[in-house]
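The values are calculated or read from the model by the stated rules, or taken from the named source; none is laboratory data. Quick caveat: nothing in here was measured; it's all calculated off a predicted structure. Positions of Cβ are generated from backbone atoms using ideal geometry, with glycine treated the same way; all protein chains shown enter the neighbour counts. Just so you know, the surface numbers come from the protein's heavy atoms only, side chains and all, with ligands and any DNA or RNA stripped out. Shrake-Rupley method; radii C 1.70, N 1.55, O 1.52, S 1.80 Å.
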Amino acid sequence: MGYLASLKKADTCALAVGVHNGITARLGERCGFDALWLSSLEVSASMALPDMNLITMTEVADRVREIRRASGLPLLVDADNGYGSDELAARSAYEFARSGAAGVCLEDKVFPKRNSFYEDDEQALEDTQRFCHRLRAVRSALAGSDTEIIARTEALVADRGPAEAIRRARAYREAGADALFVQVTARGVDAYRGVLAEVRDLAPIVVVPTALATWSLGDLQAAGASVVIYANAVIRTIVKTVTEVLTDLRAEPRLATVEDDIASLEDLFDVTGHPLRGKVSGVVP
Ligand code: SPV
Ligand code: MG
(Lines give C-alpha, C1' and ligand atoms only; values in the text may rest on other atoms or scores of the structure.)
(Ligands and ions follow the chains in the order given, each with its own letter.)
Protein backbone atom coordinates (compact mmCIF):
# COMPACT_ATOMS: atom_id res chain seq x y z
CA MET A 1 0.00 0.00 0.00
CA GLY A 2 1.23 3.50 -0.81
CA TYR A 3 2.19 6.08 1.80
CA LEU A 4 -0.90 8.29 1.48
CA ALA A 5 -3.29 5.34 1.39
CA SER A 6 -1.73 4.03 4.59
CA LEU A 7 -2.21 7.42 6.30
CA LYS A 8 -5.88 7.40 5.35
CA LYS A 9 -6.33 3.81 6.45
CA ALA A 10 -4.79 4.63 9.83
CA ASP A 11 -7.02 7.72 10.06
CA THR A 12 -4.01 9.83 10.87
CA CYS A 13 -2.65 13.13 9.58
CA ALA A 14 1.02 13.50 8.63
CA LEU A 15 2.92 16.76 8.74
CA ALA A 16 5.13 17.53 5.75
CA VAL A 17 7.45 20.40 4.94
CA GLY A 18 8.36 21.88 1.57
CA VAL A 19 12.06 21.62 0.73
CA HIS A 20 14.32 22.14 -2.26
CA ASN A 21 17.58 20.27 -1.72
CA GLY A 22 19.52 17.86 0.45
CA ILE A 23 20.24 20.08 3.41
CA THR A 24 16.72 21.47 3.70
CA ALA A 25 15.39 17.90 3.54
CA ARG A 26 17.81 16.83 6.25
CA LEU A 27 16.75 19.77 8.43
CA GLY A 28 13.07 18.92 7.92
CA GLU A 29 13.75 15.39 9.08
CA ARG A 30 15.78 16.51 12.08
CA CYS A 31 13.00 18.89 13.13
CA GLY A 32 10.56 15.98 13.32
CA PHE A 33 8.45 16.29 10.17
CA ASP A 34 6.89 13.07 8.89
CA ALA A 35 7.34 13.67 5.17
CA LEU A 36 8.84 16.02 2.59
CA TRP A 37 7.35 17.97 -0.32
CA LEU A 38 9.72 18.84 -3.15
CA SER A 39 8.10 22.15 -3.98
CA SER A 40 8.25 23.79 -7.40
CA LEU A 41 8.16 27.16 -5.67
CA GLU A 42 11.09 26.24 -3.42
CA VAL A 43 13.15 24.74 -6.25
CA SER A 44 12.46 27.69 -8.57
CA ALA A 45 13.19 30.26 -5.88
CA SER A 46 16.39 28.45 -4.88
CA MET A 47 17.53 29.08 -8.48
CA ALA A 48 16.36 32.73 -8.26
CA LEU A 49 13.57 31.98 -10.73
CA PRO A 50 9.83 32.61 -10.55
CA ASP A 51 7.56 29.57 -10.25
CA MET A 52 6.22 29.36 -13.82
CA ASN A 53 7.36 26.10 -15.44
CA LEU A 54 10.92 27.31 -15.86
CA ILE A 55 12.39 24.33 -14.02
CA THR A 56 12.76 21.10 -15.96
CA MET A 57 11.98 17.50 -15.21
CA THR A 58 15.71 16.63 -15.16
CA GLU A 59 16.48 19.41 -12.69
CA VAL A 60 13.72 18.17 -10.41
CA ALA A 61 14.85 14.54 -10.80
CA ASP A 62 18.35 15.60 -9.68
CA ARG A 63 16.83 17.18 -6.58
CA VAL A 64 14.81 14.02 -5.90
CA ARG A 65 18.01 11.96 -5.86
CA GLU A 66 19.85 14.53 -3.73
CA ILE A 67 17.02 14.56 -1.19
CA ARG A 68 16.68 10.79 -1.10
CA ARG A 69 20.39 10.57 -0.29
CA ALA A 70 20.01 13.11 2.51
CA SER A 71 16.78 11.87 4.12
CA GLY A 72 14.80 8.69 4.48
CA LEU A 73 11.46 10.49 4.86
CA PRO A 74 8.67 9.82 2.35
CA LEU A 75 8.99 12.33 -0.46
CA LEU A 76 6.07 13.83 -2.38
CA VAL A 77 7.22 15.50 -5.57
CA ASP A 78 5.51 18.53 -7.06
CA ALA A 79 5.58 17.74 -10.79
CA ASP A 80 3.74 20.95 -11.74
CA ASN A 81 1.48 20.21 -14.72
CA GLY A 82 3.73 17.45 -16.02
CA TYR A 83 5.94 19.91 -17.95
CA GLY A 84 3.91 20.30 -21.11
CA SER A 85 2.60 17.02 -22.53
CA ASP A 86 1.14 13.70 -21.46
CA GLU A 87 4.35 11.97 -22.51
CA LEU A 88 6.52 14.31 -20.43
CA ALA A 89 4.18 13.92 -17.46
CA ALA A 90 4.42 10.14 -17.75
CA ARG A 91 8.20 10.16 -18.13
CA SER A 92 8.60 12.58 -15.23
CA ALA A 93 6.48 10.44 -12.94
CA TYR A 94 8.46 7.36 -13.96
CA GLU A 95 11.82 9.07 -13.32
CA PHE A 96 10.69 10.51 -9.97
CA ALA A 97 9.29 7.14 -8.89
CA ARG A 98 12.51 5.34 -9.83
CA SER A 99 14.46 7.94 -7.88
CA GLY A 100 12.44 7.14 -4.76
CA ALA A 101 9.41 9.46 -4.71
CA ALA A 102 6.52 8.19 -2.56
CA GLY A 103 4.11 10.39 -4.50
CA VAL A 104 4.00 12.55 -7.60
CA CYS A 105 1.64 15.52 -7.75
CA LEU A 106 0.18 16.82 -11.01
CA GLU A 107 -1.92 19.97 -11.28
CA ASP A 108 -4.58 20.85 -13.85
CA LYS A 109 -3.04 24.07 -15.16
CA VAL A 110 -2.12 24.66 -18.79
CA PHE A 111 1.55 25.03 -19.74
CA PRO A 112 3.19 27.34 -18.77
CA LYS A 113 1.61 27.37 -15.34
CA ARG A 114 1.77 30.22 -12.85
CA ASN A 115 2.19 29.74 -9.10
CA SER A 116 -1.27 29.74 -7.49
CA PHE A 117 -0.35 32.83 -5.49
CA TYR A 118 0.54 34.99 -8.52
CA GLU A 119 -2.80 36.67 -8.07
CA ASP A 120 -2.53 39.16 -10.93
CA ASP A 121 -1.66 36.44 -13.43
CA GLU A 122 -4.15 34.44 -15.44
CA GLN A 123 -4.74 31.04 -13.83
CA ALA A 124 -5.74 28.98 -16.86
CA LEU A 125 -7.09 25.48 -16.22
CA GLU A 126 -6.49 22.47 -18.42
CA ASP A 127 -9.63 20.92 -19.90
CA THR A 128 -10.92 18.21 -17.53
CA GLN A 129 -10.88 15.40 -20.08
CA ARG A 130 -7.42 16.31 -21.29
CA PHE A 131 -6.14 16.29 -17.74
CA CYS A 132 -7.80 12.91 -17.10
CA HIS A 133 -6.01 11.62 -20.18
CA ARG A 134 -2.74 12.87 -18.67
CA LEU A 135 -3.49 11.11 -15.39
CA ARG A 136 -4.18 7.87 -17.23
CA ALA A 137 -0.85 8.18 -19.05
CA VAL A 138 0.90 8.68 -15.69
CA ARG A 139 -1.04 5.77 -14.17
CA SER A 140 0.21 3.46 -16.86
CA ALA A 141 3.81 4.74 -16.52
CA LEU A 142 3.62 3.89 -12.79
CA ALA A 143 2.13 0.42 -13.25
CA GLY A 144 3.58 -1.93 -10.65
CA SER A 145 5.04 0.89 -8.56
CA ASP A 146 4.00 1.96 -5.03
CA THR A 147 4.46 5.61 -5.96
CA GLU A 148 1.11 7.36 -5.66
CA ILE A 149 -0.42 9.93 -7.98
CA ILE A 150 -1.74 13.08 -6.33
CA ALA A 151 -4.15 14.96 -8.60
CA ARG A 152 -4.37 18.64 -7.80
CA THR A 153 -7.13 20.88 -8.98
CA GLU A 154 -6.70 24.63 -9.26
CA ALA A 155 -10.42 25.25 -9.78
CA LEU A 156 -10.74 27.43 -6.65
CA VAL A 157 -7.56 29.32 -7.56
CA ALA A 158 -8.98 30.02 -11.02
CA ASP A 159 -12.23 31.25 -9.47
CA ARG A 160 -14.27 28.47 -11.09
CA GLY A 161 -16.23 27.78 -7.91
CA PRO A 162 -16.72 24.86 -5.52
CA ALA A 163 -18.91 22.76 -7.84
CA GLU A 164 -16.18 22.74 -10.49
CA ALA A 165 -13.54 21.82 -7.90
CA ILE A 166 -15.67 18.87 -6.71
CA ARG A 167 -16.48 17.77 -10.27
CA ARG A 168 -12.81 17.79 -11.22
CA ALA A 169 -11.68 15.99 -8.06
CA ARG A 170 -14.20 13.21 -8.76
CA ALA A 171 -13.13 12.93 -12.39
CA TYR A 172 -9.45 12.76 -11.45
CA ARG A 173 -10.10 10.01 -8.93
CA GLU A 174 -11.99 8.07 -11.60
CA ALA A 175 -9.05 8.56 -13.97
CA GLY A 176 -6.72 6.83 -11.52
CA ALA A 177 -5.45 9.39 -9.01
CA ASP A 178 -4.59 7.88 -5.62
CA ALA A 179 -4.93 11.13 -3.66
CA LEU A 180 -6.57 14.51 -4.17
CA PHE A 181 -5.34 18.05 -3.54
CA VAL A 182 -7.68 21.01 -3.89
CA GLN A 183 -5.46 24.08 -3.91
CA VAL A 184 -6.88 27.10 -2.09
CA THR A 185 -5.90 30.76 -2.14
CA ALA A 186 -7.63 33.65 -0.34
CA ARG A 187 -10.51 33.77 -2.82
CA GLY A 188 -11.45 30.12 -2.18
CA VAL A 189 -11.23 29.94 1.61
CA ASP A 190 -14.98 30.31 2.28
CA ALA A 191 -15.82 27.39 -0.01
CA TYR A 192 -12.93 25.17 1.01
CA ARG A 193 -14.40 23.22 3.94
CA GLY A 194 -17.50 22.38 1.86
CA VAL A 195 -15.41 21.15 -1.06
CA LEU A 196 -13.32 18.87 1.14
CA ALA A 197 -16.48 17.50 2.77
CA GLU A 198 -17.60 16.31 -0.68
CA VAL A 199 -14.31 14.67 -1.70
CA ARG A 200 -12.68 13.44 1.50
CA ASP A 201 -14.26 10.01 1.32
CA LEU A 202 -12.95 9.42 -2.20
CA ALA A 203 -9.22 9.34 -1.45
CA PRO A 204 -6.51 10.64 0.90
CA ILE A 205 -6.57 14.44 0.92
CA VAL A 206 -3.44 16.60 0.64
CA VAL A 207 -3.69 20.11 2.10
CA VAL A 208 -1.32 23.06 1.63
CA PRO A 209 -2.58 25.62 4.14
CA THR A 210 -0.71 28.70 2.88
CA ALA A 211 -4.01 30.61 2.70
CA LEU A 212 -5.26 28.97 5.92
CA ALA A 213 -2.55 30.33 8.18
CA THR A 214 -4.67 30.38 11.32
CA TRP A 215 -6.04 26.83 10.95
CA SER A 216 -4.55 24.41 13.45
CA LEU A 217 -3.50 20.91 12.53
CA GLY A 218 -6.67 19.70 14.31
CA ASP A 219 -8.83 22.01 12.13
CA LEU A 220 -7.14 20.72 8.97
CA GLN A 221 -7.50 17.09 10.00
CA ALA A 222 -11.16 17.63 10.90
CA ALA A 223 -11.67 19.09 7.41
CA GLY A 224 -10.32 15.85 5.93
CA ALA A 225 -6.54 16.18 5.57
CA SER A 226 -4.41 13.04 5.53
CA VAL A 227 -1.28 15.12 5.05
CA VAL A 228 -0.67 18.81 5.71
CA ILE A 229 2.22 20.45 3.90
CA TYR A 230 3.87 23.70 4.97
CA ALA A 231 5.02 24.17 1.41
CA ASN A 232 7.10 27.34 1.44
CA ALA A 233 8.19 28.03 5.04
CA VAL A 234 11.80 27.02 4.33
CA ILE A 235 12.50 29.30 1.38
CA ARG A 236 10.73 32.19 3.09
CA THR A 237 12.92 31.64 6.15
CA ILE A 238 16.00 31.73 3.95
CA VAL A 239 14.99 34.98 2.25
CA LYS A 240 14.24 36.72 5.54
CA THR A 241 17.05 35.35 7.69
CA VAL A 242 19.83 35.55 5.11
CA THR A 243 18.80 39.11 4.29
CA GLU A 244 18.84 40.11 7.95
CA VAL A 245 22.20 38.52 8.70
CA LEU A 246 23.94 39.81 5.58
CA THR A 247 22.53 43.30 6.11
CA ASP A 248 23.95 43.33 9.64
CA LEU A 249 27.29 41.92 8.48
CA ARG A 250 27.57 44.48 5.69
CA ALA A 251 26.84 47.29 8.12
CA GLU A 252 29.29 46.05 10.77
CA PRO A 253 31.87 43.93 8.94
CA ARG A 254 33.23 41.59 11.58
CA LEU A 255 31.96 38.04 12.06
CA ALA A 256 31.20 38.62 15.74
CA THR A 257 28.34 40.91 14.64
CA VAL A 258 26.31 37.93 13.48
CA GLU A 259 27.84 34.95 15.20
CA ASP A 260 24.91 34.56 17.59
CA ASP A 261 22.48 34.65 14.66
CA ILE A 262 24.07 31.91 12.57
CA ALA A 263 24.71 28.21 13.16
CA SER A 264 28.03 27.29 14.71
CA LEU A 265 30.38 25.26 12.54
CA GLU A 266 29.81 22.44 15.04
CA ASP A 267 26.08 22.53 14.33
CA LEU A 268 26.68 22.65 10.59
CA PHE A 269 29.02 19.66 10.72
CA ASP A 270 26.47 17.85 12.83
CA VAL A 271 23.87 18.29 10.07
CA THR A 272 26.13 17.33 7.17
CA GLY A 273 28.19 14.65 8.89
CA HIS A 274 31.88 14.96 9.67
CA PRO A 275 34.67 12.80 8.25
CA LEU A 276 36.61 12.73 11.54
CA ARG A 277 33.60 11.48 13.48
CA GLY A 278 33.04 8.22 11.68
CA LYS A 279 30.02 8.08 9.49
CA VAL A 280 29.56 10.69 6.82
CA SER A 281 25.79 10.64 6.89
CA GLY A 282 24.02 10.31 3.60
CA VAL A 283 27.18 9.28 1.78
CA VAL A 284 28.14 6.12 3.63
CA PRO A 285 24.94 4.11 4.16
C1 SPV B 1 4.61 24.52 -4.30
O2 SPV B 1 5.06 24.44 -3.14
O3 SPV B 1 5.31 24.70 -5.29
C4 SPV B 1 3.18 24.41 -4.50
C5 SPV B 1 2.28 24.81 -3.44
O6 SPV B 1 2.79 24.06 -5.59
S7 SPV B 1 1.92 26.47 -3.68
O8 SPV B 1 3.13 27.22 -3.90
O9 SPV B 1 1.20 26.84 -2.46
O10 SPV B 1 1.04 26.57 -4.86
MG1 MG C 1 4.27 24.06 -7.06
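Note on Lys240: accessible area approximately 130 square angstrom, rounded to 10, probe 1.4 Å, nucleic acids and ligands left out. Treating cross-link reach as a plain straight distance, find the aspartates and glutamates whose alpha-carbon is under 14 Å from the alpha-carbon of Lys8, omitting any fewer than eight places away in the same chain. Straight-distance partners of Lys8: Glu148, Asp178, Asp201. Over all pairs of different C-alpha atoms, segment 143-285 has a mean inverse distance whose reciprocal, the Kirkwood radius, equals 18.7 Å. Spacing of the modelled spin labels on Val239 and Glu174, each 7 Å from Cα toward Cβ, amounts to 4.0 nm. With n ≥ 4 as the cut-off for DSSP H runs, can you work out [θ] at 222 nm for the chain, using -39500 (n - 2.57) per run divided by the number of residues, rounded to the nearest 500? Result for the chain, helices only: -13000 deg cm²/dmol.
Note on surface exposure: His133, His274 rank His133, His274 by accessible area, highest first, 1.4 Å probe.
The relative contact order of the chain comes to 19 percent, based on Cα pairs under 8 Å that sit 6 or more residues apart.
For segment 43-99 versus segment 224-256, the spacing of their alpha-carbon centroids is 23 Å. The fraction of Cα-Cα pairs per 10 angstrom bin, counted from 0 for segment 1-94, comes to 16, 44, 33, 7 percent, rounded to whole percents. Gain on full extension, evaluated as 0.36 nm per residue between Asp267 and Arg130 minus their Cα-Cα distance, stands at 44.4 nm. In segment 124-212, one over the average inverse separation of all distinct C-alpha pairs is 13.2 Å, which is the Kirkwood hydrodynamic radius. Computed over all pairs of different Cα atoms, the Kirkwood value for the hydrodynamic radius of the chain is 19.6 Å. Placing dummy labels 7 Å off each Cα toward the beta-carbon, the span from Arg139 to Glu59 is 3.2 nm. In this simple spin-label model, placing a label point 7 Å from the Cα along the Cα-to-Cβ direction at both Thr247 and Glu259 gives a separation of 2.4 nm. Entry comment: accessible area of the chain is 47 Å² per residue, from protein heavy atoms only and a probe of 1.4 Å.
Surface calculation, 1.4 Å probe, protein heavy atoms: Val245 sits at approximately 20 Å² accessible. Maximal additional length on extending the Thr214-Ala186 stretch stands at 8.8 nm, based on 0.36 nm per residue less the C-alpha distance.
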